[in-house]
1. Rank by packing, highest mean first: peptides 146-152, 224-230, 244-250, with packing defined as the count of other Cβ atoms within 10 Å averaged across residues.
2. What is the dipole size for the stretch 42-189, taken about its Cα centre, with +1 at each Lys and Arg Cβ and -1 at each Asp and Glu Cβ, in debye to the nearest 20?
3. From the convex hull of the Cα coordinates of the stretch 47-92, what is the mean projected area in square nanometres?
4. What ³J(HN,Hα) values, in whole Hz, does the Karplus curve 6.51 cos²θ - 1.76 cosθ + 1.60 give for the stretch 41-50 when θ = phi - 60°, with x put for Gly and Pro?
5. Could you give the size of the charge dipole of the stretch 80-151 about its Cα centre, using +1 on the Cβ of each K and R and -1 on the Cβ of each D and E, expressed in debye and rounded to the nearest 20?
6. Averaged per residue, what accessible area in Å² does the stretch 26-90 show with a 1.4 Å probe, protein chains only?
7. Which value does Rg/Rh take for the stretch 58-152 over its C-alpha atoms, Rh per Kirkwood?
Amino acid sequence: MNEINNGTPEISRSSEELWNEDTYAAWVGRFGTPAEAAAKLVKAPAAKLAPLLHYLGEVKEKHIMNLMGSNGIKAVALGLLGGKVTVADFSEANGRYAEELAKEAGIDLEYIVSDVLKLPAALEGKYDTVFAEMGIVHYFTDLAPFMETALRLLAPGGRFVLRDFHPVTTKLISSRGSTAKVRKHKVDGDYFDTTLEEKIISYAKYLPSGALAGETEQRVVHWRRWTLGEIVTAAAAGGLMIRKLIEEPNLSSDVYDKGIPKAFALIAEKQK
């Protein structure tokens with residue numbers, strides 16, 4: 001996968017088929033078939049949304065857009081809680097998994113396969129809530145179009161929520177070890193580095209062993225790691241009114257990362 005000038009992901013035709021095939025298989029490997037994943041979601045949809053649900057506020061009967069919503073897990077969970085959810089994502093395979101998941105869960109889900117910066121004008125001003133979560137902003141080499149898209153999609157007074165990995169963790173600190181007794185953290189990054197980084201696609205760890213052999217170059221993405229200041233400034237410059245910036249500790253059961261910010265949530269609104 002390559003970066004084009006406007007900062008959005010572009011996949012060559014030869015790589016697209018492989019991407020779609022592998023992506024769907026990766027989600028099945030991680031979550032099970034859509035039927036299996038839906039059965040778990042139906043039992044406890046809110047559990048899949050913590051802590052995001054707190055930031056979103058009331059979701060029942062709200063029109064919600066999930067930008068770069070991937071496999072639809074969060075969107076379907078919101079649908080089960082009464083939200084009217086749309087997902088926009090460039091991957092046809094993500095869309096196929098999400099649509100099958102929604103069908104098995106018994107909810108309506110609109111899934112738009114598109115560059116999120118090129119969504120139809122008819123969607124502008126339609127949504128009470130627009131959100132993107134975890135592993136999103138690093139795909140953009142320019143945050144301005146992304147923030148402007150969120151603003152256009154929101155209805156007056158609507159809420160934008162961006163929750164992502166904290167730059168202190170992703171840009172500055174490297175860690176070694178897997179238990180509290182041996183876990184070591186080292187400040188060895190450059191927080192202000194602006195270079196692009198090549199990374200293997202995020203779903204690779206869920207693929208069958210050896211699936212990437214000989215085809216690694218077709219599964220490379222380019223990341224731009226942003227500072228927290230750059231992200232907040234881009235949102236404000238894009239016309240969004242910042243309401244809260246929440247920095248989260250490690251919310252998992254692991255205790256070895258205590259005291260290090262692991263994620264952040266930016267909550268903003270469109271002026272009425």
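The values are calculated or read from the model by the stated rules, or taken from the named source; none is laboratory data. All of these numbers come straight from a predicted model, not from anything done at the bench. Here Cβ is always computed from backbone atoms with ideal geometry, including for glycine, and neighbour counts include all displayed protein chains. Side chains are part of the model used for accessible areas, which takes the heavy atoms of the whole protein and leaves out ligands, DNA and RNA. Shrake-Rupley method; radii C 1.70, N 1.55, O 1.52, S 1.80 Å.
1. The most tightly packed comes first, giving 146-152, 224-230, 244-250.
2. On the way: 19 positive and 17 negative charges, 183 e Å.
The calculated dipole for the stretch 42-189 is roughly 880 debye.
3. Working: hull surface 12.0 nm².
Hull-based average projected area comes out at 3.0 nm².
4. 5, 4, 5, 8, x, 5, 5, 7, 10, 6
5. 80 debye
6. Details: 2590 Å² over 65 residues.
Value for the stretch 26-90: 40 Å² per residue.
7. 0.95
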